Amino acid sequence: MAFFQLARKWPALMVTWESIESKLPPLKTEMQKAALAHRIKMITLVATVCSVVEHLLSMLGIIYYVNGCPAMPGHPIQSFLFSNWAQFFYFFEYTNLAGIFGKVLNVISTFAWNFNDIFVMAVSVALSARFRQLNEHMLRAAKQPTTEKFWMDNRINYRNMCKLCEATDDTISIITLLCFSNNLFFICGKILKSLQKKPSWSHSVYFWFSLGFLLMRTLMLSLFSAEINDESKRPLVVFRSVPSKFWCPELKRFSEEVTTDVVALSGMKFFHLTRGLVLSVAGSIVTYELVLLQFNKEDKVNDCYEG
């Protein structure tokens, strides 16, 4: 539903994005122009490959489980499909069609969850790259004689980028909230399960790879998103490089705007994606785990694995 809402707003956002981006100082080399696309492709490739490996390890664990504890002895394929969606078949009778549908839904859900994070990371990287483009242009000129018009033009570009970030946040903030809430929920659940005994080496490999990938993906999502806020504050470093004789009222106004504005993506305005969020999330996970441990009961390994 979130992406259906996004689809209606996306064309207008891209028109605004193109209009603002076209007014920024141009990139100098072909390598600079291709850097953003290359970075987004690498993020997508690494995240997708890791997601595929995670899903294959999950299937390997289910296959091992089916061999040891078949739900339907003598029918390995049906047992695999049953175990893949066991929570559904606990309430409803198994059919081959429902089993196939459950497997398809499982694959789609796995990659849709991964795509949500990739999408937010890609948008974050694109926004931070445009702020960086403006910052580097100002940094090159900062130690040279500058005019009040130069700083006025760059302040207007900066203000336009802030408006673009706000418009983007209004468009994708619900997806951002879903990404972080889902990741936080599954991290807490997996860390809690890390205390439980695993029935086989295949289950252990899958579990620890899945937990590591989830933690790394959440960390990368937080850091890439925080780059927007980092780059939005970077003009303050540029301003310190400007000789005092070139300071002017326009530059002072620019500095005050950078200091007071909070430029960042958010999760429906409940939180802003800054570097401080990483520590806040880590603290929340520790708190939730301490509470969950008080109510946790150790799960026993299935009898067919014992002995």
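The values are calculated or read from the model by the stated rules, or taken from the named source; none is laboratory data. Just so it is clear, the model here is predicted, and its values are computed rather than measured. Note: ideal-geometry Cβ built from the backbone for every residue, glycine included; neighbour counts use all protein chains shown.
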> For residues in the stretch 242-266 being among the charged types (D, E, K, R) and in contact (Cβ under 8 Å) with a residue 60 or more places away in the chain, which is surrounded by the fewest Cβ atoms within 10 Å (Cβ to Cβ)?
Replying inline: R253
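This table checks each residue for (1) basic (K, R); (2) closer than 14 Å to K23 by Cα; (3) in contact with a Leu (Cβ under 7 Å, 6 or more places away or on another chain).
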residue: L134; (1), (2), (3): no, yes, yes
residue: H137; (1), (2), (3): no, yes, no
residue: E148; (1), (2), (3): no, no, no
residue: W151; (1), (2), (3): no, no, yes
residue: N160; (1), (2), (3): no, yes, no
residue: T168; (1), (2), (3): no, no, yes
residue: I174; (1), (2), (3): no, no, no
residue: L178; (1), (2), (3): no, no, no
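Tally time: how many residues in the stretch 45-103 are of a type in the set (F, W, Y) and in a helix (DSSP H, G or I)? Steps first, answer last, please.
Just the residues of the stretch 45-103 that are of a type in the set (F, W, Y), to begin with: 64-65, 80, 82, 85, 88-92, 94, 101.
Those still in the list that are in a helix (DSSP H, G or I) too: 64-65, 80, 82, 88-89, 101.
Qualifying residue count, the stretch 45-103: 7.
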> K252: more than 26 Å from the chain's Cα centre (by Cα) and modelled with pLDDT under 90, yes or no?
Replying inline: no
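Being out of contact with any strand residue (DSSP E or B) (no Cβ under 7 Å at 6 or more places or on another chain) and closer than 30 Å to G212 by Cβ is true for just one of N135, N154, N183, N160. Which residue is that? Break it down stepwise before answering.
On the way: N135 fails: closer than 30 Å to G212 by Cβ; N154 fails: closer than 30 Å to G212 by Cβ; N160 fails: closer than 30 Å to G212 by Cβ.
The unique qualifying residue is N183.
Could you list all residues from the stretch 133-185 that are more than 30 Å from W113 (Cα to Cα) and hydroxyl-bearing (S, T, Y)? Give the steps one after another, and end with the answer.
At the first step, the residues of the stretch 133-185 found to be more than 30 Å from W113 (Cα to Cα) are 133-160.
If the condition is that a residue be more than 30 Å from W113 (Cα to Cα) and hydroxyl-bearing (S, T, Y), then T146, T147, Y158 are the ones that fit.
Here is a list: V258, V291, V238. Which entry is out of contact with any strand residue (DSSP E or B) (no Cβ under 9 Å at 6 or more places or on another chain), at pLDDT below 90 and of a type in the set (V, I, T)? Step through it out loud before you land on a result.
Values: V258 fails: at pLDDT below 90; V238 fails: at pLDDT below 90.
Going through V258, V291, V238 in turn, just one is out of contact with any strand residue (DSSP E or B) (no Cβ under 9 Å at 6 or more places or on another chain), at pLDDT below 90 and of a type in the set (V, I, T): V291.
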> Got a sec? Which of L211, L221, L177, L184 is farther than 13 Å from L273 by Cα, surrounded by 15 or more Cβ atoms within 10 Å (Cβ to Cβ) and in contact (Cβ under 8 Å) with a residue 60 or more places away in the chain?
Replying inline: L184
>> Pairs needed: first member in the stretch 133-159, more than 14 Å from P26 (Cα to Cα); second member anywhere, of a type in the set (G, A, S) and surrounded by 14 or more Cβ atoms within 10 Å (Cβ to Cβ); C-beta distance under 8 Å; at least 6 residues apart or different chains.
In response: F150/A141
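Of all residues being basic (K, R) and under 30 Å from I108 (Cβ atoms) in the stretch 15-60, which is surrounded by the fewest Cβ atoms within 10 Å (Cβ to Cβ)? Just the residue, please.
Just the residues of the stretch 15-60 that are basic (K, R), to begin with: 23, 28, 33, 39, 41.
Next cut, under 30 Å from I108 (Cβ atoms) only: 39, 41.
Numbers: R39: 16, K41: 12.
Among those that are basic (K, R) and under 30 Å from I108 (Cβ atoms), it is K41.
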>> Could you go through the stretch 115-126 and let me know if any residue there is among the β-branched types (V, I, T), surrounded by 14 or more Cβ atoms within 10 Å (Cβ to Cβ), assigned to a helix (DSSP H, G or I) and touching a Lys or Arg at 6+ places or on another chain (Cβ under 8 Å).
In response: yes
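Give the number of residues within the stretch 143-158 that are surrounded by 14 or more Cβ atoms within 10 Å (Cβ to Cβ) and modelled with pLDDT of 90 or more.
Of all residues in the stretch 143-158, those surrounded by 14 or more Cβ atoms within 10 Å (Cβ to Cβ) come to 146, 150-155, 157-158.
Remaining after also requiring modelled with pLDDT of 90 or more: 150-155, 157-158.
Here the count works out to 8.
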>> Go through the stretch 94-127 and report how many residues are more than 19 Å from I63 (Cα to Cα) and charged (D, E, K, R).
In response: 1
> Considering I63, I108, which residue is surrounded by fewer than 16 Cβ atoms within 10 Å (Cβ to Cβ) and touching a residue at least 12 places away in the same chain (Cβ under 8 Å)?
Replying inline: I63
